[in-house]
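Peer 1: Questions regarding the structure given below will be posed in turn.
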Amino acid sequence: MRLNRDFYSANALKLAPRLIGKKLVRIIGGKKLTARIVETEAYYGPEDKACHAYRNRRTKRTEVMYYPGGYSYVYLIYGMYCCLNIVCGPPESPQAVLIRAVEPLNNIDVFMKNRKGNAAKLQMANLTNGPGKLCQAMNIDHKLNGLDLIKNTDLYILNGNSPPKLVSAPRVNINYAQEYCNKLWRWYDPESIFVSVKKKNKCTQNYKPSIT
DNA sequence: AGCAGGATCCGCT
DNA sequence: GCGGATCCTGCTT
């Protein structure tokens, strides 16, 4: 079952932990690549200094963040890598969840072929343990920006089980975000070897999802 | 029209 | 641990 609009309409702080364990699906070249989401980060709209839509910044690039929950937001970073985000919350509320790491579940040979360089071959985890790496491995680029994941046939997310444990930690590489760089807005499955940054610091803690 | 900087990764030390 | 690759975005002029 695909996730529905209701699921994606939660705010980023709620959706990010809930996406752990869900299955990202990418259809490419007649093959279906499936991967379990193991690490996410929330970008919490106009108040969040690390968010592209901080202070309601609205440009050609950030426009999709104002779409209803459930659309894709893919952008280029450092001139060479793409990052996949899931737009969330109600329409006109520019929030998103960055998919930072996944675990390939099938067609591993295709993931491997899509990754460039030798590092990917050295160890399995290197295939998809980072936002740029997973986009490369699953052939996700700017052409997949602004898609409705509820209807689209090339990229979507299926339901899946939450892991037994979940950890929250500070987000990665947002040092410019001042007081927001210490928010525990990154979540990951501590049992997965595909998590990009597992180093614990004083902020890292176990996360208990709330019912509401 | 020009410029500074970035939600990253890789290879080398 | 470090620096280079590489180019789009957004802001300034």
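The values are calculated or read from the model by the stated rules, or taken from the named source; none is laboratory data. Since the structure is predicted, the reported quantities are computational estimates derived from the model, not experimental observations. Cβ atoms come from the backbone with ideal geometry, glycine included; neighbour counts cover every protein chain shown. Areas reflect the complete protein model, heavy atoms only, side chains present, ligands, DNA and RNA absent. Shrake-Rupley method; radii C 1.70, N 1.55, O 1.52, S 1.80 Å.
Peer 1: Would you pick out the residues in region A:58-99 that are open to solvent by 20 Å² or more (accessible area, probe 1.4 Å) and touching a Ser or Thr at 6+ places or on another chain (Cβ under 8 Å)?
Peer 2: A:PRO68, A:PRO90
Peer 1: Checking A:ARG58 against (1) in a loop (DSSP other than H, G, I, E, B); (2) touching a strand residue (DSSP E or B) at 6+ places or on another chain (Cβ under 8 Å): exactly one of these is not met. Which one?
Peer 2: Among (1) in a loop (DSSP other than H, G, I, E, B); (2) touching a strand residue (DSSP E or B) at 6+ places or on another chain (Cβ under 8 Å), the lone unmet condition for A:ARG58 is (2).
Peer 1: Listed residues A:TYR176, A:TYR156; which is more than 17 Å from A:ILE28 (Cα to Cα) and either in contact with a His (Cβ under 9 Å, 6 or more places away or on another chain) or touching a residue at least 40 places away in the same chain (Cβ under 8 Å) (or both)?
Peer 2: A:TYR176
Peer 1: Let me ask something else. Just wondering, is there one or more residues in region A:5-25 that are at pLDDT 95 or above, within 12 Å of DNA strand B (Cβ to nearest atom), in a strand (DSSP E or B) and under 15 Å from the mean Cα position of the chain (by Cα)?
Peer 2: No, region A:5-25 contains no residue that is at pLDDT 95 or above, within 12 Å of DNA strand B (Cβ to nearest atom), in a strand (DSSP E or B) and under 15 Å from the mean Cα position of the chain (by Cα).
Peer 1: Moving on to the next point. Assess whether A:CYS51 counts as being within 13 Å of DNA strand B (Cβ to nearest atom) and not in a strand (DSSP E or B).
Peer 2: Spelling it out, A:CYS51 is indeed within 13 Å of DNA strand B (Cβ to nearest atom) and not in a strand (DSSP E or B).
Peer 1: From the residues in region A:121-143 that are within 13 Å of DNA strand C (Cβ to nearest atom) and outside any helix (DSSP H, G or I), which one is most open to solvent (accessible area, probe 1.4 Å)?
Peer 2: A:ASP141
Peer 1: Another question, then. Quick check: is even one residue across region A:26-47 without any contact (Cβ under 8 Å) to a residue 24 or more places away in the chain and either in a helix (DSSP H, G or I) or within 21 Å of A:GLY130 (Cα to Cα) (or both)?
Peer 2: Yes, there is a match, as at least one residue in region A:26-47 is without any contact (Cβ under 8 Å) to a residue 24 or more places away in the chain and either in a helix (DSSP H, G or I) or within 21 Å of A:GLY130 (Cα to Cα) (or both).
Peer 1: Restricting to region A:29-48, name every residue that is away from DNA strand B (no atom under 16 Å from the Cβ) and open to solvent by less than 50 Å² (accessible area, probe 1.4 Å).
Peer 2: Once the filter is applied, which keeps residues that are away from DNA strand B (no atom under 16 Å from the Cβ) and open to solvent by less than 50 Å² (accessible area, probe 1.4 Å), region A:29-48 yields A:LEU33, A:THR34, A:ARG36.
Peer 1: Still on this model: Could you count how many residues in region A:65-85 are near DNA strand B (Cβ under 7 Å from one of its atoms) and in a loop (DSSP other than H, G, I, E, B)?
Peer 2: Result for region A:65-85: 3.
Peer 1: Considering only region A:13-27, how many residues are among the charged types (D, E, K, R) and farther than 17 Å from A:LEU147 by Cβ?
Peer 2: Total satisfying the criteria: 2.
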